[in-house]
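S.K.: Here you go, one structure.
The values are calculated or read from the model by the stated rules, or taken from the named source; none is laboratory data. Remember, predicted model here, so these are calculated numbers, not experimental data. Here the Cβ positions follow ideal geometry from the backbone for every residue, glycine too, while neighbour counts run over all protein chains shown.
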Amino acid sequence: MPLGQDLVATEAAGAVKGTEAATPVIRLVGVEKALGGQPVLKGVNLEIPRGKVTTVIGKSGGGKSVLLKHMIGLLRPDRGQVLVDGTDITRLSAHDLNEVRKKFAMLFQGAALFDSLTVLENVAFPLREKTKLKAAEVDHKVLEMLEAVGLTGMGHKFPAELSGGMRKRAGLARALVMGPEIILFDEPTTGLDPLLARTIHDLILETQRRFGFTAVMVSHEIPEIFGISDYVAMLLDGVIAEMAPPEQFQRTRHPGVREFINVGTRPEVVSSGAGRETRGL
Ligand SMILES: Nc1ncnc2c1ncn2[C@@H]1O[C@H](COP(=O)(O)OP(=O)(O)O)[C@@H](O)[C@H]1O
Ligand SMILES: [Mg+2]
């Protein structure tokens with residue numbers, strides 16, 4: 001894309017890496033946050049490319065969830081800026097922040113379904129609460145989302161009747177149903193066996209490619225995430241130590257990042273970044 005195509009692109013072009021001169025959908029600038037008297041984020045600079053899957057990795061307790069919560073304004077930084085489509089959300093009123101949040105969906109560790117509602121009612125819930133769609137339109141959308149996550153015909157079940165993997169699918173359907181621009185995934189495969197974890201990863205990638213939302217995922221699944229991410233970022237000692245496409249990321253010279261990914265990397269799947277083609281996505 002030629003620089004200066006529009007004002008926004010011009011403004012952000014200098015900060016965008018690579019050839020896709022799209023503006024980053026989320027931008028953290030010098031974000032600092034202390035919690036419980038301890039510094040957690042120590043000057044995070046991070047740009048989330050639009051319409052891509054960006055995965056944040058890092059040590060347990062290192063501040064990954066805290067980072068995600070800053071992106072959606074659940075936490076405010078002590079210092080620094082969080083820009084969503086160019087708007088600094090750290091300065092917004094509660095009302096304006098709510099407007100910005102409509103761009104987001106979140107999928108946190110537990111799928112957080114309502115136990116007393118069926119899958120269908122769970123997925124329909126945001127539509128019934130937040131839109132004026134007619135019942136038939138709601139049904140249509142819900143069925144479309146259930147199909148997208150592989151839960152066709154399961155709408156009448158209650159969460160307790162579902163396996164862990166199916167609950168994750170239902171959570172994803174509910175996240176998708178409002179057509180969010182951005183979905184934040186906090187360790188979406190926690191509690192699943194490796195095979196199911198892979199299925200859910202593939203489903204996230206498949207739905208991302210289908211619907212085009214921006215995915216920001218926190219994950220401890222190394223090396224699996226290299227196969228489904230467009231970009232990988234590592235949070236280390238309160239800052240982003242490295243961010244790059246998976247292949248490049250795995251060749252990092254940063255000693256702390258190398259140590260972290262080598263510990264978690266099983267030799268037989270190191271080059272899984274090339275696996276995408278084989279999945280037909
Ligand atoms: N609301 C909170 N109050 C106090 N400390 C918190 C709070 N949330 C997170 N922390 C602390 O911040 C650090 C980072 O937590 P978290 O972002 O959950 O780590 P991660 O998701 O990388 O495992 C941890 O030391 C955690 O105890
Ligand atoms: Mg966490």
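S.K.: State which residue is farthest from residue 163 (Cα to Cα) when the search covers only the stretch 185-217 and only residues that are within 16 Å of ligand 1 (Cβ to nearest atom) and surrounded by fewer than 24 Cβ atoms within 10 Å (Cβ to Cβ).
M.R.: My answer is 186.
S.K.: Can you pull out the residues in the stretch 37-64 that are surrounded by fewer than 18 Cβ atoms within 10 Å (Cβ to Cβ), closer than 22 Å to residue 260 by Cβ and near ligand 1 (Cβ under 9 Å from one of its atoms)?
M.R.: 38, 59, 60, 61
S.K.: Given 130, 141, which one is modelled with pLDDT of 95 or more and either surrounded by fewer than 15 Cβ atoms within 10 Å (Cβ to Cβ) or under 29 Å from residue 196 (Cβ atoms) (or both)? Before you say what the answer is, go through the steps one by one.
M.R.: On the way: 130 fails: modelled with pLDDT of 95 or more.
After ruling out the rest, the residue left standing is 141.
S.K.: Specify the residue that is nearest to ligand 1 (Cβ to nearest atom); the eligible residues are those in the stretch 25-36 that are surrounded by fewer than 20 Cβ atoms within 10 Å (Cβ to Cβ) and part of a strand (DSSP E or B).
M.R.: 35
S.K.: When both residues are 6+ apart or on different chains and their Cβ atoms are under 6 Å apart, which pairs have a first residue that lies in the stretch 45-69 and is within 11 Å of ligand 2 (Cβ to nearest atom), and a second that is of a type in the set (Gly, Ala, Ser)?
M.R.: Short answer, once both residue conditions are applied: 56/233; 64/58.
S.K.: Checking the structure you have, find out if any residue of the stretch 146-163 is of a type outside the set (A, V, I, L, M), closer than 29 Å to residue 70 by Cβ and in contact with a helix residue (DSSP H, G or I) (Cβ under 8 Å, 6 or more places away or on another chain).
M.R.: So far as the stretch 146-163 goes, no, none of its residues is of a type outside the set (A, V, I, L, M), closer than 29 Å to residue 70 by Cβ and in contact with a helix residue (DSSP H, G or I) (Cβ under 8 Å, 6 or more places away or on another chain).
S.K.: Ok, one more. Among the residues of the stretch 71-102, which ones are of a type in the set (A, V, I, L, M) and over 20 Å from the mean Cα position of the chain (by Cα)?
M.R.: Residues satisfying the conditions are 92, 94.
S.K.: Looking only at the stretch 70-80, count how many residues are within 16 Å of ligand 2 (Cβ to nearest atom) and touching a residue at least 40 places away in the same chain (Cβ under 8 Å).
M.R.: Residues in the stretch 70-80 being within 16 Å of ligand 2 (Cβ to nearest atom) and touching a residue at least 40 places away in the same chain (Cβ under 8 Å): 4 in total.
S.K.: Do you know which of the residues in the stretch 162-184 that are of a type in the set (A, V, I, L, M, F, W, C) and either more than 21 Å from residue 230 (Cβ to Cβ) or within 16 Å of ligand 1 (Cβ to nearest atom) (or both) is surrounded by the most Cβ atoms within 10 Å (Cβ to Cβ)?
M.R.: Going through the qualifying residues, I end up with 173.
S.K.: All but one of (1) in a strand (DSSP E or B); (2) buried (at least 24 other Cβ atoms within 10 Å of the Cβ) hold for residue 226; state the number of the condition that does not hold.
M.R.: Condition (1) is where residue 226 drops out.
S.K.: In addition: Inside the stretch 231-244, can you point out the residues that are in a loop (DSSP other than H, G, I, E, B) and buried (at least 17 other Cβ atoms within 10 Å of the Cβ)?
M.R.: Within the stretch 231-244, 238 is the sole residue that qualifies.
S.K.: Looking at residue 113, is it over 21 Å from residue 190 (Cα atoms) and among the aliphatic types (A, V, I, L, M)?
M.R.: When the stated conditions are applied, residue 113 does not pass them.
S.K.: Condition first: within 16 Å of ligand 2 (Cβ to nearest atom) and modelled with pLDDT of 95 or more. Can you find one or more residues in the stretch 98-109 that meet it?
M.R.: no
S.K.: I would also like to ask the following. Would you point out which residue out of 124, 105, 112 is under 30 Å from residue 197 (Cβ atoms), touching a residue at least 40 places away in the same chain (Cβ under 8 Å) and in contact with a Pro (Cβ under 9 Å, 6 or more places away or on another chain)?
M.R.: Just a single option satisfies the conditions, and that option is 105.
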